[in-house]
Structure formats: structure tokens, C-alpha cells
Amino acid sequence: MLKRNNVVWRLLRRNVSVSQIVGYALANLVGLSIVLTAIQFYNDINQVWEEEDSFFSKDYLIISKRVSGVNTLFGNTAFSERDIEDIKSQPWTRKVGKFTAAAFDVRASINLGGHGVSSALFLESIPDDFFDIKPDDWGFTPGQREVPIILSKDYLALYNFGFATTRGLPQLSESTIGKVPLKLYLSRASDNATEVYAARIVGFSSRMNTIAVPQDFLEWANDRYATDKNKMPSRLIIEVNSPGNPDITSYLEQNNYEVAGDKVDNGKASYFLSIITAVVVSVGIIICILAFFILMLSIYLLLQKNKEKLHDLMLLGYSPSQVARYYYQLVGLVNVGVLAFAIIILLVATMLWRAPLDELGVEGASLLPSIIIGVVIVGIITIGNFVAITRNVKNNFYGK
């Protein structure tokens with residue numbers, strides 16, 4: 001039986017065009033390599049955005065209304081519920097968080113090496129899921145006498161290099177300042193009553209340019225000490241699904257909103273990269289599709305040349321599926337080879353950009369998702385090849 005099959009294969013392969021098969025393999029290899037390399041490059045660069053200390057800002061914008069003479073005079077810098085609902089309805093918005101500000105007087109004091117420092121302070125809070133850090137001891141329950149604080153990293157740098165060096169105070173690291181005791185003096189305007197709470201810095205945020213306390217604490221404190229208990233927020237934090245989208249910039253400009261820092265400009269890098277990646281992947285897919293049609297044309301011409309032989313094989317008792325099996329093996333072997341070489345090219349290309357990422361302290365993404373995508377693409381192409389081969393063999397087998 002094996003000898004019989006070998007005779008049939010030798011009969012069918014006489015008209016196989018090696019140059020056409022090689023052309024298909026090369027075209028498919030180029031297209032698949034472009035797709036896998038572009039996807040892996042995007043995933044690796046995406047790791048940079050996911051780093052909390054990254055020089056890119058991935059998903060969050062902190063906005064406020066632009067301050068002008070008119071706004072300042074009439075106090076219109078707060079966001080109304082209508083403003084917030086409009087922002088939530090934008091297609092690029094995932095979710096919106098409100099900055100809750102302390103609506104009462106706050107003073108803080110600290111003692112460093114015999115030097116006492118006291119200052120008026122502002123406190124804010126946002127929902128916990130918007131923070132870039134989650135300290136273990138974050139939270140507050142009424143009756144608790146110590147308040148945890150998350151501080152902006154910029155404030156620590158300002159203290160160390162702007163204040164401490166000029167006042168003869170010790171410079172502090174993040175771990176050291178967490179051990180320094182603070183006192184908060186909370187005052188009620190209605191009767192000038194003041195209460196003292198201990199406080200401790202439990203973390204530093206790269207995302208928030210503020211002095212943050214737990215949302216539960218500030219809601220409780222505003223209810224206890226504030227005279228205006230329904231004050232609307234003057235800042236919002238927005239989680240966006242397409243950083244750098246030009247629609248975001250256009251919307252902010254139309255509504256006279258400002259973004260803290262250069263978040264919008266930094267986000268454009270990720271947006272443009274995603275567009276470039278989509279274009280490159282599309283080009284690769286188009287090449288793969290063209291390669292697919294090249295192979296289909298080659299097989300169609302091959303079957304036309306073997307039309308009489310296929311009819312003779314039918315008379316000898318062979319079925320279309322038995323004949324098509326030989327073409328399945330040929331195409332399957334070529335596609336597996338293309339996938340293997342594409343993965344090798346992916347590995348080599350990845351090594352070229354991983355070195356600069358390592359210097360930035362960023363670990364690249366796993367190669368497994370890209371390889372799985374390659375397997376899926378080759379699987380789809382192979383199934384399409386098999387379906388087309390089966391149809392062409394049947395049409396030629398019965399002389400249709």
C-alpha cells in the first residue's frame with residue numbers, strides 16, 4: 001500500500017513548480033514575520049507605559065477648568081454634575097474620579113532633628129482604584145487617630161533639594177520619611193474648634209500631584225469640620241482608553257479644560273505607535289493574503305496540468321480525498337516551515353530592541369502571545385489552503 005501511495009505521489013508531483021512554492025513560502029514568511037515582529041514590538045513598548053515610573057503616561061489624565069479673570073471672580077472653576085456626565089459619555093473615557101478637597105482649615109507640623117516646621121496644608125482624596133500605589137495600611141475608620149498620607153514624589157524632591165538644603169534640615173529618603181511622625185490640626189470654621197490627629201506618610205505617587213488621604217477619612221472630616229458640605233470638585237481624574245487620541249485634545253480645548261503636566265503630549269506617543277503598529281500589521285496581513293492567493297493559483301494551475309491524471313486515478317478507484325492528501329502534506333509542510341522561520345526571525349528581531357529596554361530597566365513582554373498569534377494565523381491559512389485544495393481536486397476529479 002505504501003509503495004502504491006509513493007507511485008501516486010511521484011505521478012502527481014511531476015508538474016509541481018518548485019519556484020512557485022518557494023515564492024509562496026517567501027511571501028508568506030515576509031508577511032508573517034512583519035505581523036509577529038510588529039505585535040511583539042508593541043507589546044514590549046507597552047511594558048514601558050505600564051511602569052509606574054515610566055516616562056510615558058499611559059491611561060490617566062488629571063484635568064481642571066482653566067483659570068481666568070472671569071472664573072476667578074465668579075468662582076466657576078468647579079465641575080458640575082452635568083460636566084462630569086458629559087466627560088463620562090465621551091467614547092475615549094473609561095471612568096472618571098472626583099478629587100475631593102478638604103473644605104476646612106488644615107495645618108501640619110513636623111519635628112526634624114530639633115527643628116520644628118509648621119505649615120498650612122491642603123488635603124485631597126480620590127477613589128482608591130485611581131491610585132498607582134496601594135499601601136497595606138491605607139484606609140480610615142471613624143475613631144482612628146492616625147491618618148495615612150500618600151505624597152507626590154515631586155514634593156519629596158522639592159523638600160530635599162529646595163527646602164532642606166537651605167534650612168540646614170536633613171534630607172530624607174522615601175523609607176525614612178515614612179517613619180517621621182506628623183501632626184495634623186483640623187479646624188472647624190464655625191466655632192474655631194481644633195482637633196489634632198497623628199499622620200504618617202505611607203507612600204509616594206508618581207501619578208498624583210497632591211497630598212492625598214483616604215476617601216473615607218476626607219468624607220468623614222468634611223462632614224465633621226466643613227461648613228460647605230456639598231462642594232463640587234475642581235479637579236477630575238480620567239482613565240482613558242486611547243491615550244493621545246486627538247479627540248481628547250480637541251474636547252479639552254473646546255471646553256476650556258487644562259491637563260496637569262504634559263500628559264496629553266506624552267500620550268500622543270502611545271497613540272501614534274498604536275496607529276503605526278496597526279498599519280504595519282495590516283501590511284503584513286495583506287502580504288499573507290497575497291501569498292495565500294499565490295499558492296491557490298499555483299495549485300489551480302497544477303491541478304489543470306494533472307487533470308487527465310486525476311481522471312485516470314478516479315477510474316483506478318482513488319477518491320478525491322486520497323489525492324488531495326498529497327497536496328495537504330505539501331502545503332502543511334511548507335506552512336510549518338514558514339511558521340518556524342518566522343518565529344526565528346521574531347526571536348532575532350526581539351534581541352535587537354531588548355538591549356535598550358534593559359538599559360531603561362524595563363522587562364520585555366512574553367513572546368508567547370505573539371507566537372500563539374502566529375500559530376493561529378498559519379492555522380487559518382492552512383485551513384483555507386485545505387478547503388481550496390479539496391474544492392479544486394473535486395472539480396478536476398469529476399471533470400467539472
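The values are calculated or read from the model by the stated rules, or taken from the named source; none is laboratory data. Nothing here was measured: the structure is a model prediction, and the numbers come from that model. Ideal geometry is used to build each Cβ from the backbone, glycine not excepted, and the neighbour counts take in all protein chains shown.
What the table shows:
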| quantity | calculated |
| --- | --- |
| One residue from Asp265, Asp312 being within 30 Å of Thr93 (Cβ to Cβ), acidic (Asp, Glu) and modelled with pLDDT under 75 | Asp265 |
| Members of the range 130-163 found to be in contact (Cβ under 8 Å) with a residue 24 or more places away in the chain and part of a helix (DSSP H, G or I), listed by number | Phe130, Lys153, Asp154, Tyr155, Leu156 |
| Lys153, sole failed condition from (1) surrounded by fewer than 11 Cβ atoms within 10 Å (Cβ to Cβ); (2) farther than 17 Å from Arg107 by Cα | (1) |
| Extreme residue, modelled with the lowest pLDDT, among residues of the range 164-180 that are surrounded by 13 or more Cβ atoms within 10 Å (Cβ to Cβ) and assigned to a helix (DSSP H, G or I) | Ala164 |
| Hey, Leu186 touching a residue at least 12 places away in the same chain (Cβ under 8 Å), assigned to a strand (DSSP E or B), in contact with a Gly (Cβ under 8 Å, 6 or more places away or on another chain) and closer than 28 Å to Ile62 by Cα or not | no |
| Single residue of the range 102-122 satisfying the filter (over 18 Å from Val147 (Cα atoms) and in a strand (DSSP E or B)) that is modelled with the highest pLDDT | Val117 |
| In the range 189-204, the residues that are out of contact with any Phe, Trp or Tyr (no Cβ under 7 Å at 6 or more places or on another chain) and either outside any loop (DSSP other than H, G, I, E, B) or of a type in the set (A, V, I, L, M) (or both) | Ala193, Glu195, Tyr197, Ala198, Ala199, Arg200, Ile201, Gly203, Phe204 |
| Out of Leu236, Leu218, sole residue that is surrounded by 15 or more Cβ atoms within 10 Å (Cβ to Cβ), modelled with pLDDT of 85 or more and not in a helix (DSSP H, G or I) | Leu236 |
| Qualifying helices (runs of 4 or more DSSP H) (wholly inside the range 1-101; at least 1 residues being surrounded by 17 or more Cβ atoms within 10 Å (Cβ to Cβ) and at pLDDT below 60) | 2-12, 18-50 |
| Of residues in the range 130-143 being touching a Phe, Trp or Tyr at 6+ places or on another chain (Cβ under 8 Å) and surrounded by fewer than 17 Cβ atoms within 10 Å (Cβ to Cβ), the one nearest to Ala260 (Cα to Cα) | Ile133 |
| Out of Gly168, Gly178, sole residue that is in contact with a strand residue (DSSP E or B) (Cβ under 8 Å, 6 or more places away or on another chain) and on the phi > 0 side of the Ramachandran plot | Gly168 |
